[in-house]
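Participant: Here it is, the structure, as structure tokens.
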Amino acid sequence: MSQLDDRDRRILQHLQTDCRMSNADLAEAVGMSASALWRRVRMLEEAGIIERYGAVVNPPAMGLAFEAIVHVHLTRHDPDRIVDFISAVETSPEVQECYATTGQADYHLRVLCRDLAAYNEFLEDFLFRLPAVASAQTNVVLRTIKRNRPIVP
């Protein structure tokens, strides 16, 4: 898919707001026939623009009241240790997001836990046991201002 047009943008905006919207309702909202819309959505999926569909869940309502951004510093950039670190992070249920970035820290993790004690357990029993990890700095999230907002292409 070479470029998004206005219809594609409207489709994406509606789906990001409510991915459970019926094909007929979505077609009406963007001014297309249901069959043409279905083909357009399928093209967006095949092009990798739509990666997946899902529900946005409220962490505190699920008992996950502690949220932190963890800045991880590696011991050294040994490729095998990095692969092991990434594999471990990908399987950790507490780690919601992981970013490799430029700057002082090598990785930034968004972590959700029940409470401070569970977070301390995560640090001691998981993060600090990974051979690649030299240190970590925690920023506790006091309040979420903006989260999971639609991407406006």
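The numbers here are math on the coordinates, done by the rules we state, and not lab data. Being a predicted model, the structure only gives us computed values, none of them experimental. Counting neighbours? That spans all protein chains shown, and the Cβs are built from the backbone with ideal geometry, glycine included.
Participant: Amide H of residue 96 versus every other amide H placed in the peptide plane: which residues, excluding those fewer than 5 positions away on the same chain, fall under 5 Å?
Facilitator: Answer set, sorted by chain and number: 110, 111, 112.
Participant: Still on this structure, I have one more. Residue by residue, what Karplus-based ³J(HN,Hα) values in Hz, rounded to whole numbers, does segment 43-55 have, using 6.51, -1.76 and 1.60 with θ = phi - 60° and x for Gly and Pro?
Facilitator: Calculated HN-Hα couplings, in order: 5, 5, 5, 5, 7, x, 6, 9, 7, 6, 10, x, 9 Hz.
Participant: Still on this model: Could you give the angle, 0 to 90 degrees to the nearest 10, between helix 79-91's Cα long axis and the longest principal axis of the Cα atoms of the chain?
Facilitator: For helix 79-91, the angle is close to 60 degrees.
Participant: How big is segment 12-153 by the Kirkwood estimate over distinct Cα pairs, in Å?
Facilitator: Numbers: mean 1/r = 0.0559 Å⁻¹.
After inverting the mean inverse Cα-Cα distance, the result is 17.9 Å.
Participant: Then there's this: Please give the length that would be gained between residue 35 and residue 146 if that part of the chain were fully extended, namely 0.36 nm times their separation in residues minus their C-alpha to C-alpha distance (nm, one decimal).
Facilitator: Numbers: separation 111, 0.36 × 111 = 39.96 nm, distance 3.51 nm.
Separation in residues times 0.36 nm, less the Cα-Cα distance, equals 36.4 nm.
Participant: Would you mind calculating the gained length between residue 23 and residue 138 on full extension (0.36 nm times residue separation, minus the Cα-Cα distance), in nm to one decimal? The partial results should precede the final answer.
Facilitator: Numbers: separation 115, 0.36 × 115 = 41.40 nm, distance 4.36 nm.
Using 0.36 nm per residue and subtracting the Cα-Cα distance, I get 37.0 nm.
Participant: Taking the 0 to 90 degree range and rounding to the nearest ten, how far is the long axis of helix 6-17 tilted relative to the main principal axis of the chain, both from C-alpha atoms?
Facilitator: 50
Participant: Please give the residues of segment 79-93, grouped as numeric ranges, whose backbone N is less than 17 Å from a label point set 7 Å along the Cα-to-Cβ vector of residue 62.
Facilitator: 90-93
Participant: If you take the alpha carbon radius of gyration of segment 6-46 and divide it by 2.2 N^0.38 Å, what ratio comes out, to two decimals? Walk me through the numbers on the way to the answer.
Facilitator: Working: Rg = 8.8 Å, N = 41, 2.2 N^0.38 = 9.0 Å.
Relative to the 2.2 N^0.38 Å estimate, segment 6-46 comes out at 0.98.
Participant: Taking Cα centroids, how far is segment 59-79 from segment 102-153 in Å?
Facilitator: That distance is 2 Å.
Participant: Counting other Cβ atoms within 10 Å of each Cβ, which chymotrypsin sites (Phe, Trp or Tyr not before Pro) in segment 1-81 have at most 15 and sit in a DSSP loop? List each step's numbers first, then the result.
Facilitator: Working: sites: 38, 53, 66; in loops: 53.
Here the sparse-neighbourhood loop sites are 53.
Participant: What three numbers, in Å, describe the spread of the alpha carbons of segment 40-87 along their principal axes, ordered from the longest?
Facilitator: Between the extreme Cα coordinates on each principal axis of segment 40-87 lie 47, 33, 14 Å.
Participant: Still on this structure, please answer the following. Could you list log10 I(q)/I(0) for segment 60-140 at q = 0.11, 0.21, 0.22 Å⁻¹, which the Debye formula gives when each Cα is one point scatterer?
Facilitator: Here the Debye-derived log intensity ratios amount to -0.26, -0.94, -1.02.
Participant: Can you compute the modelled spin-label distance between residue 90 and residue 114, with each label point 7 Å from Cα toward Cβ, in nm?
Facilitator: 2.9
Participant: Could you compute the FRET efficiency for residue 83 and residue 104, with r as their C-beta to C-beta distance and R0 at 25 Å, rounded to 0.05? Mind dumping the intermediate values first?
Facilitator: Details: r = 22 Å, r/R0 = 0.89.
Efficiency computed from Cβ-Cβ geometry: 0.65.
Participant: While we're looking at this one, here's another question. So how tilted is helix 116-125 from the main axis of the chain? Cα-based, degrees 0 to 90, rounded to 10.
Facilitator: Result, in degrees: 70.
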